[in-house]
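Reviewing the structure listed below.
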Amino acid sequence: PPKGKPQITDQERILIEWWINSGADFTKKVNAIQQPANISAILKKIEQAPNYKPGTNYVPTNIVKEANIASLNNLKNNGVTIYPVAKNSNYLTANFITVPSANSNIQDAIKNISENLIWIKMPGMSFTNQLCVSISSCKALTKLSIEHSTITDNQINILNSLTQLEYLNIIDTK
C-alpha cells in the first residue's frame with residue numbers, strides 16, 4: 001500500500017505469499033488449496049474473529065431496476081466514472097476523482113440513480129449541504145470514500161441516514 005495508508009499485517013503478507021506460491025488460482029477456494037499448519041492457523045484465527053461473516057456479499061441481493069440512462073450520461077459527461085459493481089448487476093460504483101465539485105446537475109443525477117449506487121468515491125470533493133442530501137438518498141450505499149474533502153461535521157450528520165454504510169473514509173477532512 002502507498003505510504004501513509006494502512007499497511008498489510010505480517011499474517012496478511014504470509015497468506016498472500018502462500019496463495020502466490022500455490023499458483024495464484026482465482027478459481028479455487030481456499031479450502032481447495034493445500035494448507036501448511038501455519039496457514040491453517042492463520043485462517044482459523046480469521047474465521048474466529050468477531051467481525052468475520054462467511055459468505056458475506058457486499059452487493060445487495062435485492063433486485064433493482066436499471067439506472068436512468070440520462071442521469072448516467074449526465075454524470076459521465078461531467079467527468080464521473082461509473083460502472084456496475086458486478087456482472088449482470090444494476091448496482092453501481094461512481095468515482096468522482098476528477099470532479100472537484102458537484103453542481104446541481106450532478107446532485108440531481110445522484111438522486112435519480114440513488115437506488116443503484118452502493119459505492120461512491122469522492123476524494124478532494126468540495127462539499128455542500130445539498131450534495132450531502134443527494135448522497136443520503138442512496139439508501140443502499142455501503143462504501144463512501146470522501147478523503148481530503150471539505151465535508152464538515154454538520155454535513156456528515158446529514159449522512160446519518162445511510163444505515164447500510166460499512167466503509168467510510170474521511171481521512172484529512174475538515
task: Express in nm, to one decimal, how much length is gained between Trp19 and Gln164 on full extension, taking 0.36 nm for each residue of separation and deducting their alpha carbon distance.
output: 49.0 nm
Cα-projected label distance for Lys28 with Ala41, points at 7 Å along beta-carbon direction, nm: 2.2 nm
- prompt: What Kirkwood hydrodynamic radius do you get for the chain when you take the inverse of the mean 1/r over all pairs of distinct Cα atoms, in Å?
  reply: 18.4 Å
- line: Restricted to the chain, the DSSP antiparallel beta bridge percent, nearest 5, is 25 percent
statement: Over the chain, with neighbouring protein chains present, the accessible area per residue in Å² at probe 1.4 Å is 63 Å²
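Given only helices, namely DSSP H runs of n ≥ 4 each adding -39500 (n - 2.57), what is the per-residue ellipticity at 222 nm of the chain, to the nearest 500 deg cm²/dmol? Write down the numbers at each step before the final one.
Details: 6 runs with 55 residues, N = 174.
The helix contribution divided over the chain gives -9000 deg cm²/dmol.
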message: What's the magnitude of the charge dipole for the chain around its Cα centre, counting Lys and Arg as +1 and Asp and Glu as -1 at the beta-carbon? Answer in Debye, nearest 20.
response: 220 debye
query: Roughly what % of DSSP beta bridges within segment 74-174 run antiparallel, to the nearest 5?
result: 25 percent
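If we sort 129-135, 140-146 on the protection proxy, mean other Cβ atoms within 10 Å, highest first, what's the order? Could the numbers behind the result be given before it?
Numbers: 129-135: 19.1, 140-146: 21.0.
Per-residue mean Cβ counts within 10 Å order the peptides as 140-146, 129-135.
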- line: Ranked output for segments 10-22, 90-102 by mean other Cβ atoms within 10 Å, highest leading, reads 90-102, 10-22
query: So for segment 1-138, taking the charge dipole from beta-carbon charges (+1 Lys/Arg, -1 Asp/Glu), which of Gly79, Leu43, Asn103 sits furthest toward the positive end?
result: Leu43
statement: Under the 7 Å Cα-to-Cβ spin-label approximation, Lys174 and Ser101 lie apart by a distance in nanometres of 1.2 nm
message: Probe radius 1.4 Å, ligands and nucleic acids ignored: give me the carbon and sulfur share of the accessible area of the chain as a rounded percent.
response: 52 percent
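The values are calculated or read from the model by the stated rules, or taken from the named source; none is laboratory data. Bear in mind the structure is a predicted one, so any value in this text is a computation, not a measurement. With ideal geometry, Cβ positions are generated from the backbone for all residues, glycine too; neighbour counts draw on all protein chains shown. The protein model used for the area step is the full one, side chains on, heavy atoms only, and it has no ligands, DNA or RNA in it. Shrake-Rupley method; radii C 1.70, N 1.55, O 1.52, S 1.80 Å.
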